[in-house]
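The values are calculated or read from the model by the stated rules, or taken from the named source; none is laboratory data. This structure is a prediction, so every number in the text was calculated from the model and none was measured. Cβ: placed from backbone, ideal geometry, glycine included. Neighbour counts: every protein chain shown.
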Amino acid sequence: MTATAGRTLFTSALLLLVMLVAALVSLAVGTVAIPLRDIFAGIGGVRLSQEYAIILFSIRLPRVLLAVIAGGGLSLAGAVFQALLRNPLAEPYVLGISSGGTVGAILAIGLGVGMGYLTIPLASFIGSAGVMALVYTAASRYGKIEPTTLLLAGVMVGAFFNAIILVLVSLFHHEVRNAFLWLMGSLASASYPSLAVVGPIVAIASSLLFTMSRYYNLIATGEETAAHLGVDVETVKRTSYLLASLVTGVVVSVSGVIGFVGLIIPHICRMLFGSDHRILLPASFLAGATFLVLVDLLARTIISPAEIPVGAVTAMIGAPVFVWLLRRRSETYMKE
């Protein structure tokens, strides 16, 4: 085992342990507190009281699992976009990809073709991939991407699609009348059938992105250098954009728009664990999962029994971080 492999394994094991602890706390804490011994007993197959069983298995466990999938997937997608664009401000929400996924999902519901658990994620993926292609085309000049231009294009396209979302909600008011909490980002609609669709897709796409971590390290040194070292840069970029858009689209289809997870977590992981993507990608996934589990716990308990949309909480945390990163990047540019 190489030093890097050993460090990756140790870091992943540590973050996995932290994630499991966060998940147990989230399962235990709420309007009705459930003792840890009952949680372990229930997971182990021991029969619980009807109240505890309903709360644990029908409400909290699906919600925690969705937080793990959504937080991990969005954080990983953000890390991949930042690697390919060499820009710490890139992430699915800022680039407008989450808004594209939301438009796809609302269209599927409004037109009556989104009744199954598979069609909405598919429509959401098409919307996310379409926005990614639009932003990529808008920022492309002579076959090259200018990261700052791409970021601005993403913000503008995202604003345009947010306007489309409002129009669609007005047009399909009756069809999406229960979707307002979801539009602000919420895990309240978590269910086992939706997890059975979204979970495997995110797991497979994430695994494929992990396998390309070595290429991201080479691309970070410069695309020309990576090409000279045998990396098919354009194929890696296209495949990565597609997979990251797929992850974003399917997550948005069940959680709504949850912004800034892909911005905050990869940046923190880069500060803690370095920029080697063989460590950064799995660390970002696990840390993002932990972050969203804890944020969702805060969102549903801070004004209990009511709850705050989890997307609102991540935006309140992420917006100041975005401004700080933007100022830091501007100061670096001025010094250069």
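Worth pointing out:
- Boolean, residue 125 is modelled with pLDDT of 85 or more and surrounded by fewer than 18 Cβ atoms within 10 Å (Cβ to Cβ): no
- Summed over segment 1-42, the residues that are in contact (Cβ under 8 Å) with a residue 12 or more places away in the chain and over 12 Å from residue 279 (Cα atoms) give a count of 18.
- Any hit, segment 28-38, residues being modelled with pLDDT under 95, assigned to a helix (DSSP H, G or I) and surrounded by fewer than 15 Cβ atoms within 10 Å (Cβ to Cβ): yes
- Note on segment 56-110: among residues that are polar (S, T, N, Q) and assigned to a helix (DSSP H, G or I), the one that is nearest to the chain's Cα centre (by Cα) is 75.
- So residue 43, is it surrounded by 13 or more Cβ atoms within 10 Å (Cβ to Cβ), β-branched (Val, Ile, Thr), under 23 Å from residue 201 (Cα atoms) and out of contact with any Ser or Thr (no Cβ under 7 Å at 6 or more places or on another chain): no
- Segment 198-211: number of residues that are buried (at least 18 other Cβ atoms within 10 Å of the Cβ) and in contact with a Pro (Cβ under 8 Å, 6 or more places away or on another chain): 2
- Residue within segment 298-310 that is modelled with pLDDT of 90 or more, within 15 Å of the chain's Cα centre (by Cα), part of a helix (DSSP H, G or I) and not acidic (Asp, Glu) present: yes
- For the residues 279, 265, 258, the requirement of being surrounded by 20 or more Cβ atoms within 10 Å (Cβ to Cβ), of a type outside the set (D, E, K, R) and outside any helix (DSSP H, G or I) singles out 258.
- All conditions but one from (1) in contact with a Leu (Cβ under 9 Å, 6 or more places away or on another chain); (2) not in a helix (DSSP H, G or I); (3) not aliphatic (A, V, I, L, M) apply to residue 185; the one that does not is (1).
- Residue selected from segment 231-255 under the condition part of a helix (DSSP H, G or I) and charged (D, E, K, R), by the criterion surrounded by the fewest Cβ atoms within 10 Å (Cβ to Cβ): 234
- Summed over segment 188-202, residues that are assigned to a helix (DSSP H, G or I) and in contact (Cβ under 8 Å) with a residue 40 or more places away in the chain total 10.
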